[in-house]
């Protein structure tokens, strides 16, 4: 089974996506960058509204790769009660730190029950050897995304066989995997074939394909149907992975 993650920009969008039956609600402000962060007070309101009925993830913003600021942002976001905290490992935003030091600082920060998800960027020559470091420092999941939303989608930057290898490598290290990055409706089926734990969408949920635009309920419903049909057509696979996915994505 592959879960459908919908990135939502406002509390109203979150309610629409929740009502449509998406699997994971991803709280992200696209106007503020690839991983633009919501206001902390809105995160708290969102968590209270959902009340543990479905997993909620939140981004910490497009921050430099500096251990102490990243760890502080993760701790502050985790304190709102979200289930997952997504952290971007930006190759072109290195600051004075490096990926290993950042992973260690984040892994050691106070985050309660929130689980860590690292985001690597397909348009920044991602280093897949980092997966071992992430697993060793307590990251539950890892995903691929794109940093520059004007330079083409995920599959423009990485071939499907490399995406499949990423999914396999994450699983081998005990982490769940996600694929995202300017994905269109037509990308859903080819990427579902690769077996990631979830696919993430934003632009495709907006009628004009502008990720900063408003969520379009019709576009959302189309994708919900694609995922429902796909997962229903593979009952043996869904049965084999249901327990592992329930553990990975159940709200904390």
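The values are calculated or read from the model by the stated rules, or taken from the named source; none is laboratory data. The structure presented is a predicted model; accordingly, all values stated were derived computationally and were not measured. In this analysis, Cβ positions are derived from the backbone assuming ideal geometry, glycine residues included, and neighbour counts consider all displayed protein chains.
Worth a mention:
- Condition broken by residue 222, with the remaining ones in (1) within 20 Å of residue 121 (Cα to Cα); (2) modelled with pLDDT of 95 or more satisfied: (1)
- Look at (1) surrounded by 22 or more Cβ atoms within 10 Å (Cβ to Cβ); (2) in contact with a helix residue (DSSP H, G or I) (Cβ under 7 Å, 6 or more places away or on another chain); (3) under 21 Å from residue 25 (Cβ atoms) and you find that residue 187 fails only one, number (1).
- For residue 41, the conditions (1) closer than 27 Å to residue 226 by Cα; (2) surrounded by fewer than 17 Cβ atoms within 10 Å (Cβ to Cβ) all hold with the exception of (1).
- Residues considered: 75, 99, 114, 79. Of these, the only one that is farther than 19 Å from residue 198 by Cβ and either in contact (Cβ under 8 Å) with a residue 60 or more places away in the chain or in contact with a helix residue (DSSP H, G or I) (Cβ under 8 Å, 6 or more places away or on another chain) (or both) is 99.
- Some residue of region 130-145 being in contact with a strand residue (DSSP E or B) (Cβ under 7 Å, 6 or more places away or on another chain), part of a loop (DSSP other than H, G, I, E, B) and either more than 26 Å from residue 54 (Cα to Cα) or touching a residue at least 24 places away in the same chain (Cβ under 8 Å) (or both): yes
- Some residue of region 44-56 being crowded, with 24+ Cβ neighbours inside 10 Å and either touching a residue at least 40 places away in the same chain (Cβ under 8 Å) or in a strand (DSSP E or B) (or both): yes
- Residues that are in contact with a strand residue (DSSP E or B) (Cβ under 8 Å, 6 or more places away or on another chain) and in a helix (DSSP H, G or I) within region 211-225 comprise 219, 220, 223, 224, listed in sequence order.
- Residue ID - nearest to residue 202 (Cα to Cα), chosen from residues in region 2-17 that are under 16 Å from the mean Cα position of the chain (by Cα) and not in a strand (DSSP E or B): 9
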